[in-house]
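The values are calculated or read from the model by the stated rules, or taken from the named source; none is laboratory data. None of the values given here were measured: they were computed from a predicted structure. In this analysis, Cβ positions are derived from the backbone assuming ideal geometry, glycine residues included, and neighbour counts consider all displayed protein chains. The protein model used for the area step is the full one, side chains on, heavy atoms only, and it has no ligands, DNA or RNA in it. Shrake-Rupley method; radii C 1.70, N 1.55, O 1.52, S 1.80 Å.
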Amino acid sequence: MTNNTLIAPATPTTTHHRICPLCEACCGLEIKVQNSKVISIRGHDADVFSAGYICPKGVALKDLHEDPDRLRTPLIKRNGIFEQATWEEAFAEIERRLPPLIAAHGRNATGIVVGNPSAHKIGLLTYFGKLARALGTKNVFSASTLDQMPKQLSSGLLFGHWLSIALPDITRTDYLLVLGANPVVSNGSMWTVPDFRGKAKALQARGGKLVVVDPRRTETAALADAHHFIRPNSDVFLLAAMVHTLFAEGLVKLGTVAEWVDGVDAVEQAMTPFTPEAAATRCGISADTIRALTRALAAAPRAAVYARIGTCTQEYGTLASWLVDVLNTLTGNLDRAGGVLFAKSAAFASNTAGKPGIGKGVSTGRHHARVSGAPEVYGELPMTCMAEEIETPGEGQIRALFTVATNPVLSSPNGPRLANALDTLDFMVSMDIYLNETTRHADVILPGVSPLEDFHYDVAFPQLSWRNHARYSPPVLPPTPGQPEEWQTLLKLAAIVQGKGAQADADALDDAQFAEDAQRLFGGHANAVIEATHGLKGPQRALEVALRSGPYGDQWGRTPDGLTLAKVQASNSTGGIDLGALQPRIPEMLRTPSGKVELAPPSLLQDLQRATQDLRGLAPDLVVIGRRDVRTNNSWMHNLPVLAKGPMRCTALVHPKDAQRLGLQDGVVAYIRSTGGQVQAQVHVTEDMMPGVVSLPHGWGHDVPGAQLRVAAERPGANLNALLDERRRDPLSGNAVLGGVAITMQLVA
Ligand SMILES: Nc1nc2c(c(=O)[nH]1)N[C@H]1C(S)=C(S)[C@@H](COP(=O)(O)OP(=O)(O)OC[C@H]3O[C@@H](n4cnc5c(=O)[nH]c(N)nc54)[C@H](O)[C@@H]3O)O[C@H]1N2
Ligand SMILES: Nc1nc2c(c(=O)[nH]1)N[C@H]1C(S)=C(S)[C@@H](COP(=O)(O)OP(=O)(O)OC[C@H]3O[C@@H](n4cnc5c(=O)[nH]c(N)nc54)[C@H](O)[C@@H]3O)O[C@H]1N2
Ligand code: SF4
Ligand SMILES: [Mo]
């Protein structure tokens, strides 16, 4: 016997390219697989959009796939204990319990809530609405009202659609002003921009400036040419004073979009009370600095203002988001290279559909929350209303709840109250991949597919991308036998709700629905479209239709060089299809009733009265704000060993002056108390904080009983949201207030 015969033939390694689904940067990854196991994950250098960039979370997709705690089969709770079940048993259980509840109490006795990961799964994003519509309830909630609704509402009012977001043209700008965002760590949000750091450094290398306004000297601020501390919750005052200064100093110029902008005079008038002197104390930035910032912005040849959740998750979130675009517009930077531009997405964008240049615009308040009276916004009620809608008796009280890829017990203000409320439900179904702080309350848990077993195309993020592109990822690994795709699960649930029964075939339902949609969308051409998409189903078919009908599409053969699903699929190994730098799109992209940029929406001018009255508002002595870390993502990646290792990340950052006043040394554990609750966290004393402001990350608190997150439970951390008041919202958008909440701190003896 020779040695050679002992060596098994080498198992071939296959190489796959997959868009990372873990944050908004949408990096292209290169994944090597051997024996059905992932052996390496790195950035895909040839990716036309992300050019090889990757952060530590991308590598963690392997841990996510292999995590023994990740659910692979449905769970049914019997006598308080979860038992593994087959899919048939799980759907049968839902059919047994849900329809009678709806029959007895009506559709508004149901609720549905969808969370952040759904934005990264085409199946969830394109089919969630079908379940919500089947339920026919007004109790629809999402993480958008913990995050971005203010920006969506202000953009909708100005430009006519909820996802028409003006994006900084970072590779051509000379001056980037960032407020309430930390893209070096978060990798960008409402702005898909992988390798922000590299792009910011390139901006500086060509002589441009990056300026950051944040109550913490963040990783982005550390990179910046200048950083200014701001009192939490006061961006509206700074921004209004900057707009005031533009008018006062004759710096307003509208540039190329002048003829398409309505309402400039109304804006000028509305800003009268907001002199830099009046705003200075309120926002903690001197009048001189406010003027200097404004002059620098106006003087830059090309400039962009970008603001994110620090400015959204506050009492004046919609006003602050609006004023960011007012500044962009009045400095002549709206819709021009080097300023802010709108993406032109290859598929699914409303601002490329219908008649160009005019539309219905957006409206809110088509219905209201039963208990608080909060208005519906973009089809949703505020997430922070959910607990009271479950607890408060009367017609329309939520008795049955669906949760889809969300963990509001940790991610929503006053999670402990919500946890208690969930226990009072008659029935709860969760679509999730973990038994965690929220899903432990469910009666049935239906596991989602591992991203590596799922195909992918980003529905939302190409509408927010720094450059236009179309990229498709096939599944990296074969599916788990017997596990439905998440869109099929959503259709099954819709069928059960509609009385079609748990036996209904999801694919047949999908075909029937598609035939109806095709009639509506394509009229006389419907049959040709059905024929042309033969063999496709679910979100893949929806994608083919969206791409071919979209702005770069082949228009079903009429533009033969245009995009089809097959063409985008074929570009996978070469890093996708680049569709070029963003281009000016006004007036064509507008969908406002006037066909103009409506710079002074009446609802915003009216809400400004609230800010005017608050100009002299006093700051509490000590407030808490949130923080993100590159190795975490909201509440759900703390169970992945590669991310969880290393120093504890859930620490409270305290300025030395505050630490001294409170008798807290670096490294001690302290109570943090608000009127709503109390948590404990380790103190880290640092000059990076604005005095009077403490920073504690959100998404922690994995020490509740009944969850199955073994790695996360080893170092549970403190739940910031146990301190926050769920009744505090931005009234226009319904967004939660997540920062600037008054606290006290005390050494744990
Ligand atoms: N205090 C404070 N609170 C905050 C924030 C803050 O800055 N401060 N940030 C807010 C923001 S911006 C957001 S977006 C929200 C996020 O809040 P949520 O939308 O609740 O999102 P996560 O907390 O990330 O929880 C995601 C859930 O989805 C599950 N999941 C993950 N992948 C999949 C999948 O592929 N399929 C299915 N079915 N489920 C999956 C996870 O197990 C987890 O239960 O948190 C908000 N909460
Ligand atoms: N690593 C990592 N990446 C993530 C996430 C994550 O959890 N971890 N979450 C993802 C999600 S869901 C989102 S929405 C994005 C969010 O993306 P970003 O908006 O970039 O998120 P943050 O890092 O929370 O940045 C918000 C900043 O606002 C500051 N801030 C707080 N209050 C105020 C205020 O009143 N005014 C001003 N001007 N600033 C204030 C905070 O100090 C913080 O630096 O990140 C995404 N990416
Ligand atoms: S920045 Fe990290 S988490 Fe975000 S898409 Fe890229 S690799 Fe994934
Ligand atoms: Mo978010």
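List of remarks:
- Taking region 138-180 as the range and being open to solvent by 10 Å² or more (accessible area, probe 1.4 Å) and within 14 Å of ligand 2 (Cβ to nearest atom) as the test, the residues that pass are 143, 144, 146, 147, 148, 151, 180.
- Among the residues of region 232-285, those identified as of a type in the set (Val, Ile, Thr), touching a helix residue (DSSP H, G or I) at 6+ places or on another chain (Cβ under 8 Å) and closer than 27 Å to residue 623 by Cα are 236, 275, 285.
- Lone qualifier among 478, 393 - being assigned to a loop (DSSP other than H, G, I, E, B), surrounded by fewer than 22 Cβ atoms within 10 Å (Cβ to Cβ) and without any contact (Cβ under 8 Å) to a residue 40 or more places away in the chain: 393
- Candidates 156, 198, filtered to the one that is away from ligand 1 (no atom under 16 Å from the Cβ), over 20 Å from the mean Cα position of the chain (by Cα) and modelled with pLDDT of 95 or more: 198
- Of all residues in region 36-58 being β-branched (Val, Ile, Thr) and more than 21 Å from the chain's Cα centre (by Cα), the one that is least open to solvent (accessible area, probe 1.4 Å): 38
- Given (1) modelled with pLDDT of 95 or more; (2) away from ligand 2 (no atom under 14 Å from the Cβ); (3) assigned to a loop (DSSP other than H, G, I, E, B), index of the condition residue 638 fails: (2)
- In region 277-322, the residue that is surrounded by the most Cβ atoms within 10 Å (Cβ to Cβ) out of those that are in contact with a Ser or Thr (Cβ under 6 Å, 6 or more places away or on another chain) and without any contact (Cβ under 8 Å) to a residue 60 or more places away in the chain is 283.
Residue by residue, here is whether (1) among the β-branched types (Val, Ile, Thr); (2) within 16 Å of ligand 4 (Cβ to nearest atom); (3) closer than 30 Å to residue 115 by Cα holds:
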{"position": "147", "(1), (2), (3)": "no, yes, yes"}
{"position": "172", "(1), (2), (3)": "no, no, no"}
{"position": "193", "(1), (2), (3)": "yes, yes, yes"}
{"position": "223", "(1), (2), (3)": "no, no, no"}
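- Qualifying residue in region 645-665 (condition: within 13 Å of ligand 2 (Cβ to nearest atom) and more than 18 Å from residue 739 (Cα to Cα)): yes
- Residue count, region 324-360 (criterion: outside any helix (DSSP H, G or I), more than 18 Å from residue 563 (Cβ to Cβ) and among the hydrophobic types (A, V, I, L, M, F, W, C)): 6
- Listed by first and then second residue, the pairs with beta-carbon distance under 6 Å, at least 6 apart or on different chains, first residue in region 140-154 and closer than 25 Å to residue 107 by Cβ and outside the structural domain of residue 128 (by TED's automatic domain parsing), second within 16 Å of ligand 3 (Cβ to nearest atom) and open to solvent by 10 Å² or more (accessible area, probe 1.4 Å), are 143/116.
- Flag if residue 307 is away from ligand 4 (no atom under 16 Å from the Cβ) and either of a type in the set (A, V, I, L, M, F, W, C) or more than 30 Å from the chain's Cα centre (by Cα) (or both): no
- Residue count for region 409-424, restricted to those that are surrounded by fewer than 19 Cβ atoms within 10 Å (Cβ to Cβ) and assigned to a loop (DSSP other than H, G, I, E, B): 1.
- Which listed residue, of 364, 438, 406, is β-branched (Val, Ile, Thr) and within 18 Å of the chain's Cα centre (by Cα): 406
- Of the criteria (1) out of contact with any helix residue (DSSP H, G or I) (no Cβ under 7 Å at 6 or more places or on another chain); (2) over 23 Å from residue 220 (Cβ atoms); (3) not small (Gly, Ala, Ser), which one residue 98 fails: (1)
- Among the candidates 470, 508, the residue that is more than 23 Å from residue 448 (Cα to Cα) and at pLDDT 95 or above is uniquely 470.
- Residues in region 571-602 that are closer than 26 Å to residue 302 by Cα and not in a loop (DSSP other than H, G, I, E, B): 6 in all.
- Failed item in (1) more than 16 Å from ligand 4 (Cβ to nearest atom); (2) under 30 Å from residue 99 (Cβ atoms), with residue 159 passing the rest: (2)
- Residues in region 59-86 that are of a type in the set (D, E, K, R), open to solvent by 30 Å² or more (accessible area, probe 1.4 Å) and assigned to a loop (DSSP other than H, G, I, E, B): 72 alone.
- Of the set (1) more than 16 Å from ligand 2 (Cβ to nearest atom); (2) outside any helix (DSSP H, G or I), all apply to residue 568 but (2).
- Residues of region 516-547 that are open to solvent by 40 Å² or more (accessible area, probe 1.4 Å) and either hydrophobic (A, V, I, L, M, F, W, C) or in contact (Cβ under 8 Å) with a residue 40 or more places away in the chain (or both): 521, 522, 528, 530, 532, 536, 540.
- In region 205-223, the residue that is nearest to ligand 1 (Cβ to nearest atom) out of those that are of a type in the set (Val, Ile, Thr) and closer than 11 Å to residue 182 by Cα is 218.
- Residue in region 665-684 that is open to solvent by less than 10 Å² (accessible area, probe 1.4 Å) and polar (S, T, N, Q) present: no
- Answer from 458, 426 - the residue that is touching a residue at least 60 places away in the same chain (Cβ under 8 Å), within 16 Å of ligand 4 (Cβ to nearest atom) and out of contact with any Ser or Thr (no Cβ under 7 Å at 6 or more places or on another chain): 458
- Among residues of region 96-123 being under 14 Å from the mean Cα position of the chain (by Cα) and in a helix (DSSP H, G or I), the one that is farthest from ligand 3 (Cβ to nearest atom) is 118.
- Looking only at region 260-318, and only at residues there that are outside any helix (DSSP H, G or I) and of a type in the set (D, E, K, R), the one that is nearest to residue 172 (Cα to Cα): 302
- Every residue from region 239-274 that is of a type in the set (A, V, I, L, M), farther than 19 Å from residue 339 by Cβ and open to solvent by 40 Å² or more (accessible area, probe 1.4 Å): 248
- Within region 603-623, not a single residue is in the same structural domain as residue 314 (by TED's automatic domain parsing), open to solvent by 20 Å² or more (accessible area, probe 1.4 Å) and in a strand (DSSP E or B).
- All of (1) away from ligand 1 (no atom under 16 Å from the Cβ); (2) in contact with a strand residue (DSSP E or B) (Cβ under 6 Å, 6 or more places away or on another chain) hold for residue 338 with one exception: (2).
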